[in-house]
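Q: Can you read through this structure? Questions will come right after.
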């Protein structure tokens, strides 16, 4: 399972029951929270997100609609008795803001909060199951997008064959890495006999807030699912540029240039009551587009 | 019109679609916001509160469930182009927290935010229409309750009589202050002939978070409407005391001792799914009790 669940899809002002930016990426048994606008913890309750499963949070930038819900979520995690460490990746000034708020409340979180300041693009997380890369976007203040890439074993188990060759389950992990199996009698079972080539690892890119910038297409080249903001409809290109945001047509162009398989659009301006035109305009230029509707989970 | 509208009635953790503390007091054409938990701006939209009418905000203390929604509200007021000054009364450390968050976003609010640190009990606001007094409560961190008192002219106009005596409307304000009217011919119309004694001015006390403390009854003596927290039911007195909160029976006792006309209870622990028992227990000891249900407006 590799998927993203949208908790908030609106830009600066909450409107029409749309909430500021927040989304949860599920990668097998891991949950990652990307951005955390005001009300995210309530949206988590509404959509039954298991917040105890979140060990990594990524904040794109310090405009309030992307992080004002974070301190409430952290405090609630504490009240609920969390003790697992939590890793927070965000622009550096957030650390002081959180510290001051905890101090003002005389609150000591019962878990360790590891703050990782994100100050430049590059890989920020790498472990055997996944990696995360930060990339810069062009916005009014320092802003980062994030790419989550799963890692896969080179081979996957051929369930029929491992039974046929009577290979113990304890050896499966080694099989996935490509090892041959040697029986008690010294017989060598070639790895290819009991495994299959694995699928290519999948990837998800969240492009945060950004002006139209063709460099982003390079940065997110080939991702399976690309989330790109579309704050405005296509006829508002000038307004979008002046506010360092993007239109529908521009997001479609980035997805096209990047060779993304699918495009997810969101961060809608509160001047729009309905979203149909966003989908229609973007699909016209990039067919594999979906609206980031709140409460919906999109497979990556 | 003197009334309070409840936007949030829950304690620390949002639960069962109950929100953290926030309430709006309407006094004629003025709105006052008291506390501003996360999601308050969304609750304002839901219950059609005209945020542009709010010129004074009072924050009781710096536990997050009482102020984490403030920065989002201020930012949204700015995005909506507010230019009226806004007066914020709160414990001193909040100023730095707000400043840091605005700096991190490179945001300059387009209106003047007057920060008034509340550091000790006493009158914090006094004008011809109303006054506001802060009083200390006993909680885990410095915490203040607020009493809003309307002011009334000593006399009110007797509409029939002013017409009968042909008194110009321009003189009504002086009549309300008790002045006699002198006609062009030098005839003196005694004030009592054209006015009536006014009703006693009304008052509302918000007691914030507090342990059971009989001194509060003194501080809020004789208010028309008393808001007192009831975080727990009566059987949890020990737990309430250990966390510096109050039970139903204790809130009723304070209302009784204070000689309050009516009692409003709220700040319910998220361990309770339903609130019927809160009302029943409190009413048993103080009949004029109402539950602070969200979206409801209570006349003062």
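The values are calculated or read from the model by the stated rules, or taken from the named source; none is laboratory data. Because the structure is a prediction, the values reported are computed rather than measured. When we count neighbours, we look across all protein chains shown, and the Cβ atoms used for this are built from the backbone with ideal geometry, even at glycine.
Q: Can you list the helices (runs of 4 or more DSSP H) found entirely within the stretch B:129-240 that contain at least 3 residues being surrounded by 13 or more Cβ atoms within 10 Å (Cβ to Cβ)?
A: Here the list reads B:172-176, B:191-194, B:215-219.
Q: Just to verify a result, which residue in the stretch A:73-84, among those that are in contact (Cβ under 8 Å) with a residue 12 or more places away in the chain and more than 17 Å from residue A:7 (Cβ to Cβ), is surrounded by the fewest Cβ atoms within 10 Å (Cβ to Cβ)?
A: A:81
Results for (1) over 12 Å from the mean Cα position of the chain (by Cα); (2) outside the structural domain of residue B:121 (by TED's automatic domain parsing); (3) within 25 Å of residue B:263 (Cα to Cα), shown as yes or no for each residue.
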residue	(1), (2), (3)
B:6	no, no, yes
B:12	yes, no, yes
B:25	no, no, yes
B:37	yes, no, yes
B:60	no, no, yes
B:65	yes, no, yes
B:74	yes, no, no
B:82	yes, no, no
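Q: Away from every other protein chain (no Cβ under 11 Å) and modelled with pLDDT of 95 or more, is that true of residue B:126?
A: Yes; evaluated as a whole, the condition is true for this residue.
Q: Identify all residues within the stretch A:266-287 that are farther than 23 Å from residue B:76 by Cα and surrounded by 15 or more Cβ atoms within 10 Å (Cβ to Cβ); write none if there are none.
A: Residues satisfying the conditions are A:278, A:279, A:281, A:282, A:283, A:285, A:286.
Q: To continue, here is another question. Taking the stretch A:40-53, which residues are within 14 Å of another protein chain (Cβ to nearest Cβ) and part of a helix (DSSP H, G or I)?
A: Matches in the stretch A:40-53: A:40, A:41, A:42, A:43, A:44, A:45, A:46, A:51, A:52.
Q: For the structure I just gave you, tell me whether residue B:121 is surrounded by fewer than 22 Cβ atoms within 10 Å (Cβ to Cβ), under 19 Å from the mean Cα position of the chain (by Cα) and away from every other protein chain (no Cβ under 14 Å).
A: Yes: the conditions hold for residue B:121.
Q: Quick check on this structure: which one of B:70, B:13, B:62 is within 7 Å of chain A (Cβ to nearest Cβ), in contact with a strand residue (DSSP E or B) (Cβ under 9 Å, 6 or more places away or on another chain) and crowded, with 24+ Cβ neighbours inside 10 Å?
A: Answer to the selection: B:62.
Q: Tell me, please, whether a residue that is buried (at least 19 other Cβ atoms within 10 Å of the Cβ) and either more than 15 Å from the chain's Cα centre (by Cα) or not assigned by TED's automatic domain parsing to the domain that holds residue B:269 (or both) can be found in the stretch B:85-92.
A: Among the residues of the stretch B:85-92, at least one is buried (at least 19 other Cβ atoms within 10 Å of the Cβ) and either more than 15 Å from the chain's Cα centre (by Cα) or not assigned by TED's automatic domain parsing to the domain that holds residue B:269 (or both), which makes the answer yes.
Q: Suppose we filter the stretch B:16-32 for residues that are in a strand (DSSP E or B), more than 9 Å from every other protein chain (Cβ to nearest Cβ), touching a helix residue (DSSP H, G or I) at 6+ places or on another chain (Cβ under 9 Å) and within 19 Å of residue B:229 (Cβ to Cβ); how many remain?
A: Adding up the residues that qualify gives 2.
Q: Going by the conditions given, is residue A:134 away from chain B (no Cβ under 12 Å), modelled with pLDDT of 95 or more and out of contact with any helix residue (DSSP H, G or I) (no Cβ under 6 Å at 6 or more places or on another chain)?
A: Criteria met by residue A:134.
Q: State whether one or more residues within the stretch B:94-115 are surrounded by 14 or more Cβ atoms within 10 Å (Cβ to Cβ), at the interface with chain A (Cβ under 10 Å from one of its Cβ atoms) and touching a strand residue (DSSP E or B) at 6+ places or on another chain (Cβ under 7 Å).
A: No.
Q: Quick one: would you say residue B:35 is within 20 Å of residue B:102 (Cα to Cα), more than 9 Å from every other protein chain (Cβ to nearest Cβ) and assigned to a strand (DSSP E or B)?
A: So residue B:35 passes the test.
Q: In this structure, is residue A:136 over 20 Å from residue A:33 (Cβ atoms) and touching a strand residue (DSSP E or B) at 6+ places or on another chain (Cβ under 8 Å)?
A: yes
Q: Just checking, how many residues over the stretch A:74-93 are touching a strand residue (DSSP E or B) at 6+ places or on another chain (Cβ under 6 Å) and within 11 Å of chain B (Cβ to nearest Cβ)?
A: 1
Q: Can I ask one more? If I filter the stretch A:167-180 for residues that are in contact with a strand residue (DSSP E or B) (Cβ under 7 Å, 6 or more places away or on another chain), within 30 Å of residue A:262 (Cβ to Cβ) and touching a residue at least 12 places away in the same chain (Cβ under 8 Å), do I get at least one hit?
A: Yes: one or more hits.
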